[in-house]
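Remarks on the structure that follows.
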Amino acid sequence: MPVQAVSAGAILFRDTRGRREYLLLKSRPGDWEFPKGGVEGDEELQQTAIREVREEAGIGDFRLLNGFRRDYDYVFQAGGKTIHKTVHLFVAESFEASAELSAEHRDLQWRDYEQAINTITQDGPREILREAHDFLNEGGAEI
C-alpha cells in the first residue's frame, strides 16, 4: 500500500521589461520544476507554498494570486516504500528580480513561457504551466 504525501508550491513569475518569466529550479535528480515541498504540521497549502518559495528560491517579496490552484500526482520509490505524492500548485507574482539557489537544487533559471514549457521535464507541471499562463493572460492576475 503506497504512503500518501502532500506537497505545495508555486509557479512564480516576474515581469521583466514587459516580458513574463517563470522561475524553474533544477532538482538534484535533474528534473526542472517549480518551488515546492511537503506540508509541515498543520500548515494550510498556501502557507506551505509561501514557505517553500522563501526556502527554495530565497524570494520574500511576492504574492500568491487568488483563483488558481491545480494539482498533479506521481508515484515514486524511496526507502523501500512506494510513495503517492499529490502536489498543489498556486500562481505567485515575484517583485524581486533575482532568486537564490538553495542547497536542494543544482540550478535555477528565469525562463519565458516557451523556454519554460520546453525545459520542464514532467508532464503534470508542464500542463499546469500552460493553464497558469492562460490564467494570467486572461487577467487572472487581477485581485
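Just so you know, all these numbers are worked out from the coordinates, no wet-lab data involved. Since this is a predicted model, take the numbers as computed values, not measurements. Positions of Cβ are backbone-derived with ideal geometry, glycine not excepted, and every protein chain shown enters the neighbour counts.
Residue order for E44, E21, E127, fewest other beta carbons within 10 angstrom first, comes to E44, E127, E21.
By the rule of a C-alpha distance below 19 Å, with chain neighbours fewer than 8 residues away ignored, the lysines paired with K36 are K26, K85.
In this structure, the amide hydrogen of F62, modeled 1.01 Å from its nitrogen in the peptide plane, lies closer than 5 angstrom to those of F95, counting only residues at least 5 positions away or on a different chain.
Rg and Dmax over the alpha-carbon atoms of region 1-119 stand at 14.4, 50 Å.
The amide H of R20, built 1.01 Å from its N in the peptide plane, has no neighbour under 5 Å, considering only residues 5 or more places off or on other chains. Region 5-33 and region 96-121 have Cα centres lying 5 Å from one another.
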